[in-house]
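Read through the structure below, which is laid out as structure tokens, and then see the notes.
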Amino acid sequence: MNENLFASFITPMILGLPLATLIVMFPSLLFPTSNRLVNNRLLSLQQWMLQLVSKQMMGIHNTKGQTWTLMLMSLILFIGSTNLLGLLPHSFTPTTQLSMNLGMAIPLWAGAVITGFRNKTKASLAHFLPQGTPTPLIPMLVIIETISLFIQPMALAVRLTANITAGHLLIHLIGGATLALMNISTTTALITFIILILLTILEFAVAMIQAYVFTLLVSLYLHDNT
């Protein structure tokens, strides 16, 4: 148990070169394309899920907002696949890095906000001051609304990072406890192993849910600004 608890979150290196770029590009191989007239079951299931998610997520948008559909669907596939990538043995989860999540959240949030100020200037400025606000509270509310606006990309990135990191740490701890208990109590080790399996199944669900939540929040920010 002398292993560093956060060793699995360190970017892997080969000959002093980081492999983060190759690892980020790897999940794209999990989504094959086909030139056939009739797709196989995997591609049919993939297309059905994408249509279901896009219809549910983009149905609230107007024509300008629906132009973001391709990017948002690519985003949910990318985040979901990289989250699942971390559940493979001896792998690395890019979404546990706050810098990477901020690199996704800030441009998307900024694009939605800039779109709002460009197309709905009065409505976007009206969000800083709710209607009917007493005059003495106007400066304070403007400051609070400005802070809440700029905190949105940080909340997006921290939510994704915290959920993925917490799950991986818990799996790491329970896995280490299972190995340690094998020489002490077989029954207790078996119980912790069952808990580990259940937790791994839960992490599969969390990986997909967090990808959906991240993309859905970006979609809602876009909806407020289009």
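Of the residues making up region 146-173, those that are of a type in the set (S, T, N, Q) and either modelled with pLDDT of 90 or more or open to solvent by 30 Å² or more (accessible area, probe 1.4 Å) (or both) are T146, S148, Q152, N163.
Restricting the first member to region 130-148 and to residues that are touching a residue at least 12 places away in the same chain (Cβ under 8 Å), and the second to residues that are surrounded by 12 or more Cβ atoms within 10 Å (Cβ to Cβ) and of a type outside the set (A, V, I, L, M, F, W, C), the beta-carbon pairs closer than 8 Å and six or more apart or on different chains are L141/T133; E145/H127.
Cβ separations smaller than 8 Å between residues 6+ apart or across chains give the following pairs from region 37-62 residues that are open to solvent by 40 Å² or more (accessible area, probe 1.4 Å) to residues that are at pLDDT 80 or above and among the aliphatic types (A, V, I, L, M): L50/M73; L50/L77. Scanning region 132-145 for residues that are open to solvent by less than 50 Å² (accessible area, probe 1.4 Å) and among the polar types (S, T, N, Q) returns a single hit, T133.
The values are calculated or read from the model by the stated rules, or taken from the named source; none is laboratory data. Keep in mind that this is a model prediction, so the values were computed, not measured. FYI the Cβ positions are ideal-geometry reconstructions off the backbone, even for glycines, and counts take in every protein chain you see. Ligands, DNA and RNA are stripped out before the accessible areas are found, and what is left, the full protein with its side chains, is counted by its heavy atoms. Shrake-Rupley method; radii C 1.70, N 1.55, O 1.52, S 1.80 Å.
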